[in-house]
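The values are calculated or read from the model by the stated rules, or taken from the named source; none is laboratory data. Keep in mind the model is a prediction, meaning the values are calculated, not measured. Cβ placement follows ideal geometry from the backbone for every residue including glycine, while neighbour counts extend to all protein chains displayed.
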Amino acid sequence: MNRFIIAMAMLMGLCLQSASADRPLLPSYRIVGYYGNFESSRMGVLGEYPPDQMLKMLSREVHRWSEADPKTPVIPAIEYIAVVAQGHAGEDGKYRSRMPDSQIEKALSLASEVNGLVILDIQIGLSDVQSEIPRLAQYLALPNVMLALDPEFAMPKGSVPGERIGSMDAREINYAINFLTEIVRKHNLPPKVLIIHRFTEHMVTNHRDIIPTSEIQVVMDMDGWGSQARKLNTYREFIAPESVQYTGVKLFYHEDLKEPGPGLFTPAEILRFKPVPLFILYQ
């Protein structure tokens, strides 16, 4: 573990000490995050705006949520796509690109400025979780680093990311849960959160077989863009009935406005969802 990561581990431990101690973040707290990749302005807020502006925007969203639900403290988050699905095979034919450590460390530095979490997002392409998650172990060993899986880009053999919607089975999700559980136990960390992005029925299969542990909390997050009516229907059909533990909602600053309607959901409107989401992500 390099000096930067050691320093960040000490800092992040102090940042989270008052927020979580040894108890789980959920349901006592709500996580409000920004999503993307620093190298792309098309993949989300993280790459669309300069870092200082992005952090100010995130802080405003955190404040809005704090005002809408004063009883639930809000923790900001940076969800960085550490493994990016791509349309070309690459040297190993896996249709994914692994981001350099310098970019992950940039996410850690930015999160430290707002005393927040880092969520490392994985789009495996034609790779698999068993190959991608262990490469991030040194970062997942930090107390404020969580993990997200993106089944949309988990492709069967012969498929290319972006040409069809992928899928992930409970078996793969349980691998992630068990891997994180071992990290928490080994390093005596507070419980971690695992986010699973989803917007169709078949993106996650055998959800009843997903087995959280006392060390890992599972959030089923409603991904996918569209009007309020479309997103609410997705939430009711594919997220609420198969939440596993907790639910989340992703909001798209641009894409959600492409269909006619009243615009993005406000915090007050989302607080009327059943169950009430404890994870909010803006892209």
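Key figures for this structure:
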quantity	calculated
Filter pass, Ile119 being within 22 Å of Ile211 (Cα to Cα) and either under 14 Å from the mean Cα position of the chain (by Cα) or touching a residue at least 24 places away in the same chain (Cβ under 8 Å) (or both)	yes
Output for the range 236-257, where each listed residue is aromatic (Phe, Trp, Tyr) and either under 20 Å from Ala77 (Cβ atoms) or surrounded by fewer than 17 Cβ atoms within 10 Å (Cβ to Cβ) (or both)	Tyr246, Phe252, Tyr253
Sole residue being of a type in the set (D, E, K, R) and without any contact (Cβ under 8 Å) to a residue 12 or more places away in the chain, chosen from Glu201, Glu215, Glu182	Glu182
Residue in the range 30-45 that is in contact with a Ser or Thr (Cβ under 9 Å, 6 or more places away or on another chain) and free of Cβ contacts under 8 Å to residues at least 60 places away in the same chain present	no
Check on Glu61, among the charged types (D, E, K, R), out of contact with any Leu (no Cβ under 9 Å at 6 or more places or on another chain) and touching a residue at least 12 places away in the same chain (Cβ under 8 Å)	yes
Matching residues, the range 243-283, being over 24 Å from Asn37 (Cα atoms), modelled with pLDDT under 95 and charged (D, E, K, R)	Glu259
Residues located in the range 30-76, provided they are touching a strand residue (DSSP E or B) at 6+ places or on another chain (Cβ under 7 Å), closer than 16 Å to Ile270 by Cβ and among the small types (Gly, Ala, Ser)	Gly33, Ser66
Where Lys157 falls short, out of the listed (1) surrounded by fewer than 20 Cβ atoms within 10 Å (Cβ to Cβ); (2) assigned to a strand (DSSP E or B)	(2)
Exclusive hit being modelled with pLDDT under 95, farther than 23 Å from Gly36 by Cβ and touching a Leu at 6+ places or on another chain (Cβ under 9 Å), set Pro190, Pro161, Pro156	Pro156
Every pair of residues 6+ apart whose Cβ atoms lie under 6 Å, when the first sits in the range 138-152 and is of a type in the set (Phe, Trp, Tyr) while the second is assigned to a strand (DSSP E or B) and at pLDDT 95 or above	Tyr139/Val145
